[in-house]
Each structure stands twice: as structure tokens, then as C-alpha cells.
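No lab work stands behind these numbers, since they all come straight from the coordinates. None of these values were measured; they are calculated from a predicted model. Here Cβ is always computed from backbone atoms with ideal geometry, including for glycine, and neighbour counts include all displayed protein chains.
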Amino acid sequence: MSEVSVSLLPEVAKFTAKSEAKPNKVPLPTLVEINPFYLKIADRIAEISGTWNPVEIFTADNVTKEKEEFFKRFKDHQEYNPVFNYSHAQSMDLTKDRETLMGLLRELRGSAVPKGGESDVNRKARAALYYKIRDDLATCDLVDGFNAGDEAKISSALHTKYRKYEDALGEEAEKIYQAMLGGEEPEKKEIKARLSAEEITLLKNQQFDAEGIKKAFEWAMDQCGMPHDRQDKPGYRVVIDEKATEIDVRDKTANGSTIVIPRNRKVSGDKLLRLIMHEIVGHARQSLNGSELFRLGGGKLKPDDETLYEGLAMRLEENFRKEYLGEAVVTPMPFYAFSVKAAENGASFWDVFSDLYKKLKAVPPDKLPILRDPSAYEGEILKEAWKYTYRVFRGHLDTSNKKSPFANPRDLVYLNGWLTDKQLVQKGHGHINEAAVFASGALQMVADYELKEENLPYKFKDVARAYWSEVLKPQMEEETKANQKLMV
């Protein structure tokens, strides 16, 4: 489909204006220039909240069971709203951590400012610490909400941590959806792929299970200088998890930085290479860059607002698809925006799912690239409608959503992040989004500094191409030769 015309988003407009207003930028500050007191506060925050993962907190532990029950009722036209359990959240007690964070906030507010004022670097460090403590206190509120059965508190915490639904984003989502329905003709522009048609077919016909994905991820991290064994440099453990439903890069877990792969996940060869670009070259590398350059931009101190984080990952995945597979840019699906708006207005789980199901069914199958198995169309539509609905209702204790209507806005990051990163690239600032995981508003804090691609500790490497040419292609050629011998 043709690309949607979008006016400059406020965050990009402010960053661009500030950056262009100061052509003579100052060198990127080092940690040595930051007040040691602020660095000490940052270290103490990391000790407290470095294992808190909000997604783990608001992920229900009986999803599979409720999904099966819901599908059964839906097929029988019996209205049903799932009942989710959150044992992980309810096992947590952050009372003492809240007290410690409040103490750090008081220390920060009471800290002396040198006569003549602080340097620009330290003013920004202080502001970033305020934001981080506020974000962590919202996580405390989130846990308290689950333990008290207080949906209003859960809602307030989620809306403190994540960017809220905005009408402008909803308008863009509607434009995208209308284009999917056929309001616009698909682009006729042919994209020449680096891989041959035969190679692409071979790649797409290959299947990789969780072990295969794990092996590829570990290889890619080693190539990026982010060794998975974590001995002399920071990296990520890759684990296969029985309970996980999605592949997830988690900086903050009880066992350190971890990439989680669902036990039953299987992907085609082209999807595997796309995942390498998205999860490793995008998410993991961006977080490690931020941790090393800014301390607060990754690792245990990574912000939970992942708008720009998802934007970069989608850009890298799209670039790979265009360059190597000859596939046109795929605009992020608009359905999270529809779901969030409906839930915020009081729609129940059943209502949101039913509406999304109808919206998905109305889209021509060739314009729904999210369908993993077009031959099982009806089942795939049900799965997609569930995914968008469930993720927006994560955190709900009562999915009828009548008493305290709210939506979990976390997954608006995909469309919002895609638009934001796209505009940064168009303005010549795409590399800025590789330097750290910037939360809302933080992007402007680096507009005064000279930050070039060569400043990045972990630079871009086309490891998907390398994995194809050095690992997958030789393996596939050997398999083809072996099969030919058997046929003779």
C-alpha cells in the first residue's frame, strides 16, 4: 500500500527545531562530567528496580485457558469476558522499595546546586533522574493496584508509564485502515531484491524452532560485539521459556538481561533474519548503547516507555525486507489504536474483540501481512483479533470494563514509534535513535550535543546478511545436494 502522509509529530518537531537552532554543538558529555552524586543515585535506582519488568507484572498467567474458553464461546455466539489472574504481580511487595525511592527523591530535591547554577549536563542528569524515579514509583503503584484489586490505581500507573492515546494517532490509524480496505491502490514500484527468487523461496520454506532461533540470536550478538556469555562485555542471555507467548528482549529481569523465546515458537527462514534485525541489531544494541553512553538510556535503567525503541527495530526490519527480499514497506497495523480508544470509552473485552474481528475480516487477505498461514484464514483472524484485544486488556481485573474503564496503552508504541523514527530518518537524525532508549521528552535533551554514528559504542552491522551468507545459505545448499543424491 502507498505510504500515509503524516504531519510532523510534536516530539520530532521540537527536537529538529532545537537541533537546527544550535548548529555549533558541544561534544557529547562523558560520565566523568556528571556530578558523582547523580551517578550514585542512578546506581542506587538500578539496584532497586533493575529487575522490574512491567510487562511481566501485567501479563496474566492463565491466558491459554481463557483464550480457549473465549474462542469456544465466540463460535457459539455466547458473550464472554475473560477472567485473568496475575499471580506474579500479586506475589510482589514493593513497600520498602517505594520508601527507598521516595528517600532518593528527597535527597535529589535537597541536593545543593553550586553557586552560579549547574552545568547543562548536570541539569539534564537531574531531570532524567526525576523522570526515572517517577517511572519506578508508577511501577510500585501498579503492583499495589493488583494487590488491592484497585483497577483505578492500575490504570493511573499505566498512563503514567506509557504515552496515552491521542486523537492524532487515531486519525493516522484510520487512514491506514482505509488504505487496507482498498481506498488506495497498491504501489506498482518494483523493488529489486539482493537475494534471487530461488534463494528467497528456499529461505521461506525453511523452518526454525525455538532452539534454532536461540542459536541464531547468540551468533548475531557475538557478531555485534555483545557476547551472549556475558564474560568480559555486556550481553544478553537467550532462554527458551515454556510460559512466554512472544519473543521479548528484557533488560530488567531477576536473572539479568535476557531474550526470551517461547518454547513452541517456529519461524520461517526469512522471519528468522527479520527477527535478528529487530531484536538484536535493534533492541539489544540500542539498549547497550544507551547504557554505555548515558547510563539512563538502557540496561537496568532503561525507561519503560518504548516508543522510540520499537520505532528503530521496525525500521531495521523493514530495511532488511526491502533490500534482501524485495518486499515493500509494511505500515504497522492500526488495530492497537482502535482497541485502546474503544476500551478507554468503556467497551468490554467481548465488544473490542467482536469489532476487531469484523474489521480484520473486511480487509482483503493480501493486505493482511500479519497472517502467518493464509490457508487457515479463519483461525488466523481469530488469533489476530485476540492478540490486539488481549494486549490492550492486560492489567484488567474485570474485563467487562464497566466500573473503571481503561486501556493498557503500552502497545501504541508500535504505530507511534514507527511514525516518530520514520520522521527522524527523513530529517537526517535516524542515528540518534540508535544511541539510547529515549523516553518521551528525553530526545530533546540530546539535541544540543554532537552525536554522530561513529560515537556509538555498538555500531550498525548487517548481521542478518552475514547469517544468511555464512550460515544459512551453505547449510541449505548442503541439504539440497544431499536430497538430490537421495533422488538419484
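For this structure, a couple of remarks:
- Compactness of the stretch 245-379 as Cα Rg over 2.2 N^0.38 Å, two decimals: 1.23
- Equivalent ellipsoid semi-axes - Cα gyration tensor, the chain, angstrom: 35, 30, 23
- Under a model in which nothing but the beta-carbon of Lys, Arg (+1) and Asp, Glu (-1) is charged, the stretch 261-418 shows a dipole of about 300 debye around its Cα centre.
- Rg and Dmax of the stretch 1-148, Cα atoms only, in Å: 22.8, 73
- For the chain, the dipole from Cβ point charges (+1 on Lys and Arg, -1 on Asp and Glu) about the Cα centre works out to 600 debye, to the nearest 20.
- Tail beyond 14 Å, pair distance distribution of the stretch 72-129 (Cα, percent): 75
- Lys/Arg +1, Asp/Glu -1 at C-beta; the chain dipole; positive extreme among 74, 119, 169: 119
- From the Kirkwood radius over Cα pairs of the stretch 202-305, Stokes-Einstein at 20 °C and 1.002 mPa s returns a whole-number translational diffusion coefficient of 154 µm²/s.
- FRET efficiency estimate (nearest 0.05) - Cβ-Cβ, residue 268 to residue 111, R0 56 angstrom: 0.55
- Extending 7 Å from Cα along the Cβ direction at residue 460 and again at residue 482 yields two label points whose distance is 3.7 nm.
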